[in-house]
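A.B. asks: A single structure is presented below for examination.
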Amino acid sequence: MSKVLFVYAKGGPPLGYALSRVAARSAVHLLALSALPPTVAASADRLCASVLRPAESERHDLVSLIVSRAQAVGADAVVTFSEYAVVAVAEACEKLGLAGAGGNCALARDKRMMRRTWQERGISQPRFRPVATERDLHDAAAALRFPLLLKAAWSAGSTAHRILRSADDVPAAWERAREVMAESAQLGYAELHVADAGADFIVEEIVPGTATEWFDQEGWGDYVSVEGVVVNGDFRPVCLSGRMPTVEPFTERAGITPAALPHDAQQRVVALARDAVDALGLQNCGTHTEIKLGADGQMWVIETAARFGGAMTVPQIEEVFGLDLIGMLTDHLLGRRGSWPGEVRTPQEAHGAAGSLVVLAVDGAGEAWPDQRVWDFPTVRDAVPLSVGSHLSVVAENSLPDGTPVPVYDPAAGANTMAALCLLSATDPETVIRDFRTLVDALPHVLPTAGVTTEGRS
């Protein structure tokens with residue numbers, strides 16, 4: 001039987017979901033670089049031939065650790081679905097002679113190198129500057145047009161994003177962004193292979209997005225993502241996912257599959273995504289490419305990842321299109337012939353729709369809740385009226401236990417302050433949008449109070 005080394009770290013699709021799909025294709029040996037979620041620990045022992053939790057002292061050379069473990073278990077493939085481990089796994093696969101993302105994987109991880117590569121190819125993107133010091137940020141602010149977005153070069157999940165509206169914002173933005181990257185590292189949301197990656201940043205112009213010229217329904221955000229895969233260097237787009245508007249600065253609130261774009265618009269978005277992915281020279285990996293939508297058909301590539309989209313993106317695709325992307329990629333890495341879609345799937349080919357909602361302590365307008373509430377999914381399920389045919393569930397692995405206070409939203413920390421992740425199945429994407437708006441409006445009213453106002457918290 002074939003053997004796969006599964007390198008686990010925080011981020012990506014839920015571990016329980018991903019692990020079960022890989023285990024259906026092969027014997028799995030788990031290398032856990034992050035603590036396993038309590039809801040998954042038991043099933044991991046059942047699904048895996050072995051589970052290794054290396055000591056901190058063993059992680060100083062992560063590539064060597066992965067290589068040695070792969071050799072010890074006789075792995076025929078090595079996989080990861082975490083943004084924080086993709087570079088190390090790609091380099092390990094190169095040393096092992098196994099199929100992987102390839103030697104250019106870092107171009108899809110370090111936003112500075114990614115943007116420079118696209119700049120050289122003339123691919124549409126926001127104007128940007130790499131920054132490593134506060135002085136760099138002052139210089140970049142003088143060269144670019146406000147408003148600007150400061151973001152960490154190796155971050156994920158909108159962590160450490162800060163908006164600058166004038167040069168006066170530079171000192172505070174620089175200090176807070178660096179603080180958040182340090183805090184995220186303590187939580188396990190940080191690059192695992194590149195030393196001092198938390199010190200690297202870029203700043204970019206905030207391009208003027210619009211959703212109204214692209215979508216027929218209100219409630220959509222002004223960017224989409226193209227989910228896909230690279231197979232032996234050939235980009236295969238799978239489908240488009242849409243979003244609700246982000247919470248300031250640019251924290252994602254909800255992802256919806258499929259994105260309800262007209263056919264011609266979808267084709268133009270996919271063409272830009274193809275240019276962006278092809279420019280990076282990836283070999284064998286999932287891809288997740290975010291594209292900002294502007295007026296008069298303008299588009300800008302925001303970023304690409306050499307892995308599948310995180311949160312519930314992959315389970316949503318399986319639900320509505322019947323495609324088990326993790327299983328399909330596993331088969332491909334093991335050298336088995338697969339059947340990837342010849343063309344990007346359209347909303348007309350979807351069976352219903354699915355969306356995932358990040359529970360944040362902000363209302364539909366992005367304003368903080370007036371008081372602190374306690375997360376309690378049964379209350380939400382029973383008290384919030386949804387559309388006929390809609391079904392809401394909670395992703396326990398990515399949610400706080402019922403009875404836990406909902407964290408006060410911190411714009412700089414982004415998704416680090418989420419309370420829960422909910423999954424909604426519905427008849428169509430328009431219904432997902434409508435039900436999510438209902439949920440967002442209802443949450444600060446139906447959840448139990450914690451008895452402490454946000455004003456009284458330090």
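A.B. asks: Just give me the residues in segment 322-345 being surrounded by fewer than 21 Cβ atoms within 10 Å (Cβ to Cβ), in contact with a strand residue (DSSP E or B) (Cβ under 9 Å, 6 or more places away or on another chain) and either outside the structural domain of ARG253 (by TED's automatic domain parsing) or within 22 Å of SER393 (Cα to Cα) (or both), in sequence order.
C.D. replies: LEU323
A.B. asks: Of all residues in segment 289-304, which are surrounded by 24 or more Cβ atoms within 10 Å (Cβ to Cβ) and closer than 18 Å to ASN104 by Cα?
C.D. replies: Correct list: THR289, THR304.
A.B. asks: Here's something else I'd like to know. Please go through segment 60-85 and pick out each residue that is assigned to a helix (DSSP H, G or I) and either of a type in the set (A, V, I, L, M, F, W, C) or under 24 Å from the mean Cα position of the chain (by Cα) (or both).
C.D. replies: LEU62, VAL63, LEU65, ILE66, VAL67, ALA70, ALA72, VAL73
A.B. asks: Now a separate question. Report yes if ARG69 is outside the structural domain of LEU325 (by TED's automatic domain parsing) and surrounded by 20 or more Cβ atoms within 10 Å (Cβ to Cβ), otherwise no.
C.D. replies: yes
A.B. asks: Continuing with the same structure: Can you find even one residue in segment 287-302 that is acidic (Asp, Glu), without any contact (Cβ under 8 Å) to a residue 60 or more places away in the chain and within 30 Å of ALA420 (Cβ to Cβ)?
C.D. replies: No; the residues of segment 287-302 include none that is acidic (Asp, Glu), without any contact (Cβ under 8 Å) to a residue 60 or more places away in the chain and within 30 Å of ALA420 (Cβ to Cβ).
A.B. asks: Does GLY209 satisfy the criteria of being within 22 Å of GLY297 (Cβ to Cβ), at pLDDT 95 or above and touching a strand residue (DSSP E or B) at 6+ places or on another chain (Cβ under 6 Å)?
C.D. replies: Criteria met by GLY209.
A.B. asks: Name the pairs: first residue in segment 92-103 and touching a residue at least 60 places away in the same chain (Cβ under 8 Å), second residue of a type in the set (Phe, Trp, Tyr), Cβ to Cβ under 8 Å, at least 6 apart or on different chains?
C.D. replies: The qualifying pairs do not exist here.
A.B. asks: Sticking with this structure for a sec: Anything in segment 123-153 that is within 23 Å of VAL86 (Cβ to Cβ) and assigned to a loop (DSSP other than H, G, I, E, B)? List them, or say none.
C.D. replies: Hits for segment 123-153 are ILE123, GLN125, ALA132, ALA153.
A.B. asks: Mind telling me which of the residues GLU397, GLU319 ends up being at pLDDT below 95 and either buried (at least 16 other Cβ atoms within 10 Å of the Cβ) or touching a His at 6+ places or on another chain (Cβ under 6 Å) (or both)?
C.D. replies: Unique residue meeting the criteria: GLU397.
A.B. asks: Taking SER43 as the residue in question, decide whether it is assigned to a loop (DSSP other than H, G, I, E, B) and more than 22 Å from THR287 (Cα to Cα).
C.D. replies: no
A.B. asks: Just need a number here: residues in segment 154-196 that are part of a helix (DSSP H, G or I), in contact (Cβ under 8 Å) with a residue 60 or more places away in the chain and under 25 Å from ALA143 (Cβ atoms).
C.D. replies: 3
A.B. asks: Residues that are β-branched (Val, Ile, Thr): find the strands (runs of 3 or more DSSP E) completely inside segment 371-440 holding 1 or more of those.
C.D. replies: So the answer is 391-394.
A.B. asks: Here's something else I'd like to know. Report, ordered by the first and then the second residue, all pairs with beta carbons closer than 9 Å, sequence separation of six or more or different chains, a first member in segment 247-259 that is of a type in the set (Asp, Glu), and a second member that is in a strand (DSSP E or B).
C.D. replies: Note: pairs meeting the criteria are GLU248/ILE163; GLU248/VAL362; GLU252/ARG243; GLU252/VAL358.
A.B. asks: Same structure, new question: Look at segment 197-216 and say how many of its residues are in contact with a Phe, Trp or Tyr (Cβ under 6 Å, 6 or more places away or on another chain) and among the aromatic types (Phe, Trp, Tyr).
C.D. replies: Number of matching residues: 0.
A.B. asks: Of all residues in segment 174-191, which are under 18 Å from GLY157 (Cα atoms), at pLDDT 85 or above and not acidic (Asp, Glu)?
C.D. replies: Within segment 174-191, ARG176, ALA177, ARG178, VAL180, MET181, ALA182 qualify.
A.B. asks: Could you check SER26 against (1) in contact (Cβ under 8 Å) with a residue 40 or more places away in the chain; (2) surrounded by fewer than 19 Cβ atoms within 10 Å (Cβ to Cβ); (3) assigned by TED's automatic domain parsing to the domain that holds ALA9; (4) among the polar types (S, T, N, Q) and say which number it fails?
C.D. replies: (2)
The values are calculated or read from the model by the stated rules, or taken from the named source; none is laboratory data. The structure presented is a predicted model; accordingly, all values stated were derived computationally and were not measured. Neighbour counts are summed over all protein chains in view; Cβ atoms, including those assigned to glycine, are modelled from backbone coordinates with ideal geometry.
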